[in-house]
Each structure stands twice: as C-alpha cells, then as structure tokens.
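Working notes, structure below.
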Amino acid sequence: MIVFLTLCYCALLAGLVKFKIIPFNTFWKLSPVLWMVVLFVVLFIPMQWGAPSGPIRLYQNVVEIVPNVTGEVTEVPAEPLVPIAAGAELFKIDPTPFQAAVDQSRAALAEARQAVPQLGAALEAAQAAVAEAEALRDRSKDEFERFQTANESARSAGNRSLAFSESDVEQRRLTYVASEATLSRALATAEQARLAYTSNIDGVNTTVARLEAELRRAEFDLEQTIVRAPSDGFVVSLTLQAGQRVANLPLRSWMAFVPFEQRRLVVAVPQSRLRYVRQGQQAEVTFAHFPGQIFDAVVDEVIPINAAAQVPPNGVLPSLAQLSGPNELMGVVLKLADRAEIYAEIPAGAGGTAAIYTTSVQPTHIIRKVMIRMDAWLNYIVPN
C-alpha cells in the first residue's frame, strides 16, 4: 500500500512539474522518499493498532461418535454429506444380547415384587411362632414351678415322701429351659423377618429398588443400540459398515458428525495490535471463497488465551527456551453482521482476511478499508 500511494504521489508530482507548477529541484526529487517516511510514521505504524488486520479461519466443531454400548453393527442408515435432523439414526447395533438382559431384569423384578408379600407373610408367621413359643414357655414354667413348689412344701411340712420325684422336677426344669431357648430362636427369626420386610428405600423394598435400577440400565443399553445424531448436521468420512464390531472406547471414534450451528469465525491478531480491540467494534471480512466481496462483521469476543499458555499435565518442567521465539497470535471471534444466508454457504475451514476498526487512530481506517478491498480483488488473481 505504501508503494501504491508513493506511485500516486510520483504521478501527481510529475504532472505538477510538467505544467511547471513546481520546480524540479533537489527537494522535489527527494520528496518521494520523504513522502514514504511520512506515510510510514503517520499512517501505517498507527494503523497496526488502530485498524489491526490478520488472517481468518472459519472453525467448525466436529463430534466424534462413540456408542455407549459394544456390539456388532447391523445397519448404517446415515449417508455421507447428506443433511440429517437431530435424533436421526446414524447406525444400529445388534440388540439381541441387550434385549435378553432387559427380559432377564424384568423377570427378576417381577419375582422380587411377588416376594414382598411373602416377606410380610413370613413376618406374620414368625410373630405367631413367637406367641406360640411364649405360651409353651409360660406353660413349662408353670409346671416346673408347680412341681418345685410342691416338693418344697412337703419338705417344709417334714414329710419324708415328696409329691414328685426329683427326676420329674428336673425334667420339668429342662423342659422350661428348652422352651426359653425356643422362644429366643423364635424372637430372632421374627426380627430377621421384620428386617427383611421393612428393608425399604423411599418406600420401596431394597431388592425391588435394586432390580428396578438394573432394569432401567438394561433398557438404557437397549436404547443405545440405535446411535442417533446429536443435532442437525451431516456425517463426513463414513467408513463404518454393517458387520463391523464397535466398542464403547473413548480412545476410538467410529464416525465424524458435523453440526450445522457450531461455527466460529476467528481472526489471528498479533499481541502488540490487540490492546485497543473491544467487543462490539466493527470489522470487515473477505473470504477467498468469495473473491471481490466484503462482509460486515462485529467483534463477538476476544479470546483471553492462546496455545502458548497451555501447560500439559506431566512430570516434566516446562522449558523456557521457547520464550525466545515469536509471540503466539491472539484470537478474536467475529460475527458476521449481514448476509447470514451466505454465512451458511461458507465451507468450514474457509480462510481470508479481516480488519477490525477500533476507536483509536480512526483516520487510518480509510487506508485499512482500501487494503482489505485490495485483498478481496486479489483473490481473483492469487487464489489461496
């Protein structure tokens, strides 16, 4: 641009000399050099931060499709580069083992639900057994005390012959002790039945709740045998075929899906030229895909970090030797302000040039506007 303006100045100077408006002396002979210095100092240096420019790239998120279950692919309804809606089927996995797991879980859940009334009946039976054991204990206790009391009364009266033999009394005592043990066992059985019957979570038997959770997981796995599109978009590089076995491994994706809406237009700006860039400022964009055209844009956000700031987690200290290299460019996200229908037609990965017009050194904006339009027309001649 400096050369172009200098050529224009030289043409004007030649005309003035030809018509003898100015003399062709040493000063005017050296004035083109002075003109270039003035342009460089007054316009082009301030323009670097007053209207910074840089290359652009239209970034597109790509979703790596990894199924939630492992199995053999039976069908791939999706076609490459064909737009599909959110929820459309991408591919199907053989559902046979997952359907069997659902059936098994349903059967186990039905059995557990039927077992809950049985636990109640078992508790009632155990409580009845406790009542029976208590009655037997009380009766054996009464007999033992009756036999023992009668013999003690006979001894107190001085009778040589006792009402009951010692073996009968001992037998009644042993029967009483055995009834006490039977009652303890019945109480333990009743407590065990009570705990089993009252083992609930949120009012549901714990076994039933566990099997319901297992059934939900089995049904979820069955649903995941159909892998669906996460949003509106299309599939690229489709190599998945029926008969191939896929696995739920995050280290390996089986299909690449491109959403329509998740795009970001980023311009790379040197750090020294970023200090006056703010959100909402006007910008202009030219794409190599659309030579000769200028798109109005606004600054959507300034990305406050770049790749040079990232420190990967490892046991190696970061080297400072790389600090001697050039500074990493900073990213500024732009949003096209008009012609949104054209924005959807721009291919992801498209490049070009953008200029941001800050509130600083505004007279330099006109030079940047001319330069960005020159870039737009040069796209016809020098494709990239």
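The values are calculated or read from the model by the stated rules, or taken from the named source; none is laboratory data. A quick note: this is a predicted structure, and the numbers were derived from the prediction, not measured. Note that we place each Cβ from the backbone using ideal geometry, even for glycine, and neighbour counts take in every protein chain shown.
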Q | Tally, over the range 202-227, of residues that are more than 15 Å from residue 69 (Cβ to Cβ) and in a helix (DSSP H, G or I) | A | 10
Q.
For the range 62-155, give me every one of the strands (runs of 3 or more DSSP E) that falls completely inside it and has 2 or more residues that are touching a Lys or Arg at 6+ places or on another chain (Cβ under 8 Å).
A. 71-75, 89-93
Q. Do we have residue 186 as within 30 Å of residue 112 (Cα to Cα), assigned to a helix (DSSP H, G or I) and modelled with pLDDT under 80 here?
A. no
Q: Among what's in the range 231-265 and is of a type in the set (A, V, I, L, M, F, W, C) and touching a Phe, Trp or Tyr at 6+ places or on another chain (Cβ under 6 Å), pick the residue that is surrounded by the most Cβ atoms within 10 Å (Cβ to Cβ).
A: 235
Q | Residues being closer than 30 Å to residue 330 by Cα and modelled with pLDDT of 75 or more - total across the range 13-51 | A | 8
Q. Do you know which residues across the range 256-295 are in contact with a Gly (Cβ under 6 Å, 6 or more places away or on another chain) and hydroxyl-bearing (Ser, Thr, Tyr)?
A. 286
